[in-house]
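Everything on this sheet refers to the single structure shown next.
The values are calculated or read from the model by the stated rules, or taken from the named source; none is laboratory data. Values in this document were obtained by computation on a predicted structure and should not be read as measured data. Quick reminder, even Gly has a Cβ in these numbers, built from the backbone with ideal geometry, and neighbours come from all protein chains shown. For accessibility, only protein heavy atoms count, side chains too; no ligands or nucleic acids. Shrake-Rupley method; radii C 1.70, N 1.55, O 1.52, S 1.80 Å.
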Amino acid sequence: MKSILKPMYARLIMLKWITKTLLALSLTLPVALAANEKLTCGDGKWRKQVAVGKFEEEKIQLCHDGGGVHFTSPDCAEDTKKCLPKPREKKDELRLKTEVGSPGFKACDKYTGSPVFVDVWFKEKWHQTALCLFNKGKTFVDTNEMIKISRGP
């Protein structure tokens, strides 16, 4: 009986390892590929929901990765870190504001940005994304990029 269980247990461990590896790759690979792509800038538009069923559209200049994964403002396209304000240093203030929420919104709050969900018009359809707004919405960075910056090198 024991000899039958050992190979089954080994297969189960191997299957768990393969599943975890594939999951990790599926979560990190798209972000890593998007980070290596050159951003293209041009005219665009976004819309924000201002009330249930009511949207406010605005024409903007934006840069994108070509796949609709990463959106940023033109002034942040070259080097995102240079266009961001300094992060908050007070851990107590930051901890109170980030008890709950998404990692991207927490990173946005760390840099005193305003996180917002928007729809971006790209390749003839709307793409839902989360952005971190700075300078009253003139500068914006994708929250996925904010997570990478917040974690450091």
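Of the strands (runs of 3 or more DSSP E) entirely within the stretch 102-153, those holding at least 2 residues that are open to solvent by 10 Å² or more (accessible area, probe 1.4 Å) and closer than 19 Å to residue 65 by Cβ occupy 114-122, 125-134. Mind listing just one residue for me: the one in the stretch 53-97 that is open to solvent by 80 Å² or more (accessible area, probe 1.4 Å) and in contact with a helix residue (DSSP H, G or I) (Cβ under 7 Å, 6 or more places away or on another chain) and, of those, modelled with the lowest pLDDT? So the residue we want is 97.
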